[in-house]
Every structure is written in structure tokens, then in C-alpha cells.
């Protein structure tokens, strides 16, 4: 998928999310992978806002905490960007040779990108086109240069060398492709629920056809619980995860959680309806959910009923061997839905497309 910078070699996946930094390193032989390192460190509120780094010092400290705790030495990393500074748009272009396409993409991008073309890094992917088609489907990717510069600066300050810049949606898709068998015509919706943003991506045969962001994320649940029960943000987080705080149990927070479930399901449904309107034959066969919210007790069944789709929690580690002497299997099972971006990045090798 997107690879805005390229050099060779295996990489450490670094997922700089709204609420935490997560790192994943894999060892591999052929298509078999083993977990080498996995780390996570929290970020303070507002350190990351809409994918932009607002508190570089906090991100650097989180990265250094992970490296110190795990005594990691790898320095070549892949990072992913997200938010409104990232544009992913499928477009149609006349059939042409690759060299002609490379020359035409920039002009075509100017018609579709809401930023000055000199302010973005561009990449593109040729999608499948039906036999005999006179046009080809191209996935256009544009990322504002200032966002990329922020990530490069922070990584460099933490002693890291960024060799791949990817996009969250592509990293999640990459993790899915490695973890699951994919039918050539199977249409799958990948739902990644981050702390601040939820991304809906739809793939056919492993090829990304559609992606859309929603501003409803895991933090919205905390805010809903706070408002309904009058508790602090930290207490709301505890209740959201089924714990207890003074005067309340996890069950008391369920009505507030259900309100956000309904809000998020409605937004996801609108994304799916938009996809279906553009691709009438695009029946979605199933949905896989990643992100911490996927572990909320009623979230998966609620979505399945609301969307009338088979919905399951994704496990990007399901085909990755992990030494039980180094990694607690129960903890890995618990944390796995939050590792999709990190695993997808760790699977990358600079120089691939």
C-alpha cells in the first residue's frame, strides 16, 4: 500500500495513537512470523489531536520509555499517519502505461485533493479493473508534508530513523491480509476504533476500495459516562472497562455506553451505505473490528445486530508465533485488537509497494 519513503530492510512498527504509543517488532522467515518485541506507553490527553503531534516531548518520552523497558536496539522504523491531513481517494483514469500514469497522477490529484499540491506528498496504487475496461481504478493517497515533518522530527529526536511512512488504514489492512485467508471476491469491512477516530475501510479480495474516518472514538464513551454519572474521566475509563469506582459498578455505565454504540453504529451504517451506492454489487460479507473498544462486552453483538452483518474481533497476532516464556498469552489475547496498526507496520519492509 502507501509507502511515502522507501529503503530496504525489516522494520519496527511504531503506532503513535491518540492515547498511547505502541511498538511491534517481528522476526520472519519467508511468510512465517514470530513476535520479537511488543511495547506500549500511555500519552497524556491532547498530545495527539486529529493525527497531529501537539506535544512532541510526550511522544518522545513514551518512545524512550518503551525502548528502555524492553532494551530494544532496532532504530529503523515504520510509522503511520492519520486524520484530516490524510486523503485517500479512489479515482478512475484512462488506461495508460505506468510511466504515463506517473506523469498524469499529479495533474489528476489537483482535481481531487483539497490542499495545494505542493503542500502534500503523493502516492498511488493501481487497483484491479474488469477485463476489457477502458479505464483503470487508481487509489490516490495524499498526506500533508507538515504532518510528515512532525513525525520525522519527533522520531529523530527519539533516536529513530523513519524509513517508511504509511497510513493507518493501510496498516490495518496489511495486518488483516497476513492474519486471515482472503477470498478473491470476498468483501470485508475493517473497523478500527481508535481513541479519537474510527476508520471504516472496505476491501475486496484484499484490495482497499473505500475508507472513511469518523470523529467518534473510544474517548466518546468516557465522555458519555462522565456526563451521565458525574464521574471523572479516569473513573469513566474504569467503568467503561467493567470495573468499579466509588458508588458505581461497570453495569451502571452501560446506558451511557449504549448511547455511543448507537451513535457509532449509525455513522458506520452511513459509510457502508455510501460505499454501496457507489458499488451496487458490493455486498459486504463480514466486518472485523480492531481497537480497544472491540473488547467492550456488548460492542460486537450490538454492531452485528445494528448493521445486519457478521462482526468479529480481529486478532492480528493469530498467525504470529509468540514465546509464552516472554509474552503472557492472556495479555497478548487481551491487547491484540489494539495492535493492528503496529503489526501492519511491522510487516512492512522498506522498498515494498
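To keep it simple, each residue is scored yes or no on (1) part of a strand (DSSP E or B); (2) touching a strand residue (DSSP E or B) at 6+ places or on another chain (Cβ under 7 Å).
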{"residue": "123", "(1), (2)": "yes, yes"}
{"residue": "142", "(1), (2)": "yes, yes"}
{"residue": "164", "(1), (2)": "yes, yes"}
{"residue": "174", "(1), (2)": "no, no"}
{"residue": "185", "(1), (2)": "no, yes"}
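Looking across the range 26-44 at every residue that is in contact with a helix residue (DSSP H, G or I) (Cβ under 6 Å, 6 or more places away or on another chain) and in a strand (DSSP E or B), the one that is surrounded by the most Cβ atoms within 10 Å (Cβ to Cβ) is identified as 26. Within the range 48-59, the residues that satisfy the criterion of being over 17 Å from the mean Cα position of the chain (by Cα) and touching a residue at least 24 places away in the same chain (Cβ under 8 Å) are 56, 59.
Would you confirm, using the coordinates I've provided, whether residue 296 is within 15 Å of residue 194 (Cβ to Cβ), in the same structural domain as residue 198 (by TED's automatic domain parsing) and either out of contact with any strand residue (DSSP E or B) (no Cβ under 8 Å at 6 or more places or on another chain) or modelled with pLDDT of 95 or more (or both)? The answer is yes for residue 296.
Of the residues making up the range 92-121, those that are part of a loop (DSSP other than H, G, I, E, B) and either modelled with pLDDT of 90 or more or closer than 20 Å to residue 148 by Cα (or both) number 4. Of the residues screened, residue 66 is one that is assigned by TED's automatic domain parsing to the domain that holds residue 176 and out of contact with any helix residue (DSSP H, G or I) (no Cβ under 8 Å at 6 or more places or on another chain). Number of residues in the range 144-161 that are surrounded by fewer than 20 Cβ atoms within 10 Å (Cβ to Cβ) and assigned to a loop (DSSP other than H, G, I, E, B) equals 1.
The values are calculated or read from the model by the stated rules, or taken from the named source; none is laboratory data. All of these numbers come straight from a predicted model, not from anything done at the bench. When we count neighbours, we look across all protein chains shown, and the Cβ atoms used for this are built from the backbone with ideal geometry, even at glycine.
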